[in-house]
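Enquirer: Got a structure here, written out as structure tokens. Questions coming.
Coordinate-derived values only; no laboratory data. Owing to the predicted nature of the structure, the values given are computational and were not obtained by experimental measurement. Positions of Cβ are backbone-derived with ideal geometry, glycine not excepted, and every protein chain shown enters the neighbour counts.
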Amino acid sequence: MKTGSKFVCQECGAILAKWMGQCDVCRGWNCVVEEVIEIANPKSAVCIPDDFLVALPEPGDFSELNEPVTKRHRSTLEELDRVLGGGLVDGSVILLGGPPGIGKSTLLLQLLSNISEIENYVYISAEESTKQVMLRANRLGIHNPNLVIASSSDIHQILQAIRQFRHNSIVVIDSIQTVSSNLIQSPPGSISQVRFCTQELVKFAKANDVIVVIVGHITKDGAIAGPKTLEHMVDCVLYFEGDRALDYKIIRGEKNRFGPTDEIGVFAMTGGGLEEIHNPSAAFLSEHDNQVSGVAVFSGIEGTRPILSEMQALVSYTSLAIPRRSSVGFDVNRLSMLVAVLATRCKMSFSNKDIFVNIAGGLRITEPAADLAIAAAIISAANQKPLPTRSVFFGEVGLSGELRQSPLSFARVKEALKLGFINIFCAHKTEDFESSPELNVVKVKSIRDLATMLHKGGLE
Ligand code: TYD
Ligand code: MG
């Protein structure tokens, strides 16, 4: 066995020929680290002749399959179950990523309080001592007699300890960046260590049909350290997002081999741990009754669930040569496009104005249906005139200024009505809704019609 070294970027996983201050691939600074590798002698490799037939180890047989493939274990956290596609699947490996302090350890301890048909609960912390975790569990009111809490950062010791478990067991490893193997020369948290430890845990989960949940810290750019390599090794990648200072923490599925990836789960951190927010629409709307300019309510869909959120816009004079277009929670390129459409199709002038957009409550919206609400908020901010009260907006804006209908409009309208919004601004081709005396549907053909309508005072 010979040893050599390679230079690995800790941000993107690229392997470089020599050490350099800036990674050639991701352009990150100070992220290239030398890692020692052991090279097997090619002469010692066993040669298998071409015509030698090797049987696959234990191929599966459909006729022996007597239980549904997607048997799921539900937990007491409904919001998390929904993101997972209805619960945890035996033998699956879940990676939970998030910035430090967002509540990953808290969430997983709460998850371990009770899961249907699970007999063995194991929480292994490589960051905190057993006593610290036990104190926290106690404070969270977790009294699960089957919960075993331990502290170790050696992956081999962990694997040795958990190999007795078979299906109906769950093992949590907190976190993958702090466990390591002495077979790998590089320090804990390096790409080689993280990749090796994850691989061993995946092998263990698949061989023993045990659910393994791995915590992963994310880098300053929002990617799990050792990013793409880890994401394709596991079955499910969840991100816990939201600022530490913000009220709401959102769990979002990034990849899921056993369910959808477009669902979100909403939580709030309280003195007694994470609390589920079952009615996020009410949570994301702030209290002022639409009586300020630059505020529009959007009826959006997250996965299968309609959620109302508040879009805020501010248009202010600037002395900068290139005015600013800045947004929090909304794609800034899409914002620039909307501003260009408003300027060209509605003859609004923004050349000497900065435009800021914010989505209240820390929500991040990627749906094109949010265009109409953002446009309405900008028009209202530019005119300094509040939008008609109790109104919601949804619809995609095209480059020619025309409005395109959005899917699941009925669910959007129903949610709006439930929260007392009666004026529905949507694309003119949106299907008709059941007539209801209090409902006022305003079908808008183009962004220009909306601007004219709002300028004149709209529905007031
Ligand atoms: P933690 O789960 O340790 O975060 P992570 O594992 O993602 O780093 O949670 C950290 C924060 O949550 C910490 O700043 C304190 C806060 N917290 C509460 O507000 N209430 C609680 O009951 C708990 C357990 C934590
Ligand atoms: Mg933690």
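Enquirer: So if I place +1 on the C-beta of Lys and Arg and -1 on the C-beta of Asp and Glu, and nothing else carries charge, what would the dipole magnitude of region 346-460 be about its Cα centre? I want it in debye, nearest 20.
Expert: 260
Enquirer: Here's a follow-up. Set the Förster distance to 35 Å, then compute FRET efficiency between Phe410 and Ser326 from the Cβ-Cβ distance, nearest 0.05.
Expert: 0.55
Enquirer: Determine the gain in length on full extension of the stretch Leu135-Gln185; use 0.36 nm per residue of separation and subtract their C-alpha separation, reporting nm with one decimal.
Expert: 14.6 nm
Enquirer: Still on this structure: When a/c reaches 1.5 or more, the comparison of a/b and b/c decides; with that in mind, is region 395-460 rounded, prolate or oblate per its Cα gyration tensor?
Expert: Oblate, because a/c is 1.5 or more while a/b does not exceed b/c.
Enquirer: Between Ser153 and Lys347, how high is the FRET efficiency from 1/(1 + (r/R0)^6) when r is the Cβ-Cβ distance and R₀ = 51 Å? Nearest 0.05.
Expert: Calculated value: 0.20.
Enquirer: While we're looking at this one, here's another question. How long is the gain from Glu64 to Arg257 if the chain were fully straight, where each residue apart is worth 0.36 nm and the alpha carbon distance is subtracted?
Expert: Between Glu64 and Arg257, full extension yields 67.3 nm more.
Enquirer: Further, regarding this structure: If each residue of separation counts as 0.36 nm, what is the full-extension length gain between Asn146 and Thr304 once their alpha-carbon separation is subtracted?
Expert: 53.5 nm
Enquirer: If we count chymotrypsin sites (Phe, Trp or Tyr not before Pro) as exposed when they sit in a DSSP loop and have at most 13 other beta carbons within 10 Å, what is the longest stretch of the chain that avoids them all? If you can, show how the numbers build up before the last one.
Expert: Numbers: sites that count: Trp19, Phe52.
Looking at the chain, 53-460 is the longest stretch - no exposed chymotrypsin sites (Phe, Trp or Tyr not before Pro) with at most 13 other Cβ atoms within 10 Å.
Enquirer: For region 261-317, which GluC sites (Glu not before Pro) are both in a DSSP coil and crowded by at most 13 other Cβ atoms within 10 Å?
Expert: Numbers: sites: Glu263, Glu275, Glu276, Glu287, Glu302, Glu310; in loops: Glu263, Glu287.
Sparse-neighbourhood loop GluC sites (Glu not before Pro): Glu287.
Enquirer: Let me ask something else about it. Please find the FRET efficiency linking Glu128 to Ser319, where r is the Cβ-Cβ separation and R0 is fixed at 35 Å, and quote it to the nearest 0.05.
Expert: 0.10
Enquirer: Let me ask you something else. I want the antiparallel fraction of DSSP beta bridges within the chain, as a percent rounded to 5.
Expert: Once the DSSP bridges in the chain are tallied, antiparallel ones form about 55 percent.
Enquirer: Here's something else I'd like to know. Which of the pairs Lys104/Lys131; Lys385/Lys445; Lys71/Lys206; Lys347/Lys443; Lys418/Lys456; Lys347/Lys456 have their Cα atoms more than 26 Å apart in this structure?
Expert: Over 26 Å apart, Cα to Cα: Lys418/Lys456.
Enquirer: Give me the lysines in straight-line cross-link reach of Lys18: C-alpha distance below 18 Å, same-chain residues under 8 apart excluded.
Expert: Lys6
Enquirer: Right, another one. Which is farthest toward the positive dipole end of region 323-460 among Thr452, Ser436, Ser326, measuring Cα position about the Cα centre, with Cβ charges +1 (Lys, Arg) and -1 (Asp, Glu)?
Expert: Looking along the dipole axis, the top candidate is Ser326.
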